[in-house]
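The values are calculated or read from the model by the stated rules, or taken from the named source; none is laboratory data. Values in this document were obtained by computation on a predicted structure and should not be read as measured data. Reconstructed Cβ throughout: ideal geometry from the backbone, glycine too, with neighbour counts over all protein chains shown.
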């Protein structure tokens, strides 16, 4: 049980008393639920020196930022190093290159192919691959599956701001605005109210309320 008045709470221990106080104020003012408070406590367990995860933490670019968006015919994948399309099979490309190519397919709105491409990864999905799985399945209308991928990504990288935004947008699509707002609270602690992720999710929530 967390004490809010005595001793050093897990939030204070990780963030410092001043930051913890600010976080508590945010929680109180936003009417954050106990479940969300627990999530913020878990987020606070990540060392304070660790910034919000951005594209640089995952070895490539975020959605929309990949320079080489070359795509191939189905059953083929783009090998940037050789500059040719090669057979889509496990081991043909590194896991990072596979994930990058999945992003190119997503940008081309070839969502099913993007998911099949991610299956070519030799290792288990990392946070970036899970983010792309979540994005592709969300665009295909498979919202429950999408949310599952986003939650797995967050379990690996709780400070991955882009995933927080997309998870919130998935909740908006389901009409679960309270859960979307919880992600907005977390985003504020990660990158403030002026970062793109916060702004995009805030706009999505406002649009959801207007419907």
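Residue 163: over 30 Å from residue 192 (Cβ atoms), surrounded by 20 or more Cβ atoms within 10 Å (Cβ to Cβ) and in contact with a helix residue (DSSP H, G or I) (Cβ under 7 Å, 6 or more places away or on another chain), yes or no?
no
Looking only at region 154-165, count every residue that is in a helix (DSSP H, G or I), closer than 14 Å to residue 189 by Cβ and touching a residue at least 40 places away in the same chain (Cβ under 8 Å) and tell me the total.
Selection size over region 154-165: 1.
From the list 129, 104, 114, 136, which one is touching a strand residue (DSSP E or B) at 6+ places or on another chain (Cβ under 9 Å) and surrounded by 15 or more Cβ atoms within 10 Å (Cβ to Cβ)?
104
With respect to residue 52, determine if the residue is surrounded by 14 or more Cβ atoms within 10 Å (Cβ to Cβ), in contact with a helix residue (DSSP H, G or I) (Cβ under 6 Å, 6 or more places away or on another chain) and modelled with pLDDT of 95 or more.
no
Quick test for you: out of 168, 134, pick the one residue that is farther than 27 Å from residue 68 by Cα, part of a helix (DSSP H, G or I), within 13 Å of the chain's Cα centre (by Cα) and modelled with pLDDT of 95 or more.
168
Can you name the condition, by its number, that residue 93 falls short on among (1) within 19 Å of the chain's Cα centre (by Cα); (2) crowded, with 23+ Cβ neighbours inside 10 Å?
Answer for residue 93: the failing condition is (1).
From the list 175, 141, exactly one residue is within 24 Å of residue 209 (Cα to Cα), without any contact (Cβ under 8 Å) to a residue 24 or more places away in the chain and surrounded by fewer than 23 Cβ atoms within 10 Å (Cβ to Cβ). Which is it?
Checking each option against the conditions leaves just 141.
Matching residues to (1) modelled with pLDDT of 95 or more; (2) more than 20 Å from residue 139 (Cβ to Cβ); (3) in a strand (DSSP E or B):
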| site | (1), (2), (3) |
| --- | --- |
| 64 | no, no, no |
| 67 | no, yes, no |
| 73 | yes, yes, no |
| 78 | yes, yes, yes |
| 81 | no, yes, no |
| 86 | yes, yes, yes |
| 98 | yes, no, no |
| 102 | yes, no, no |
| 106 | yes, no, no |
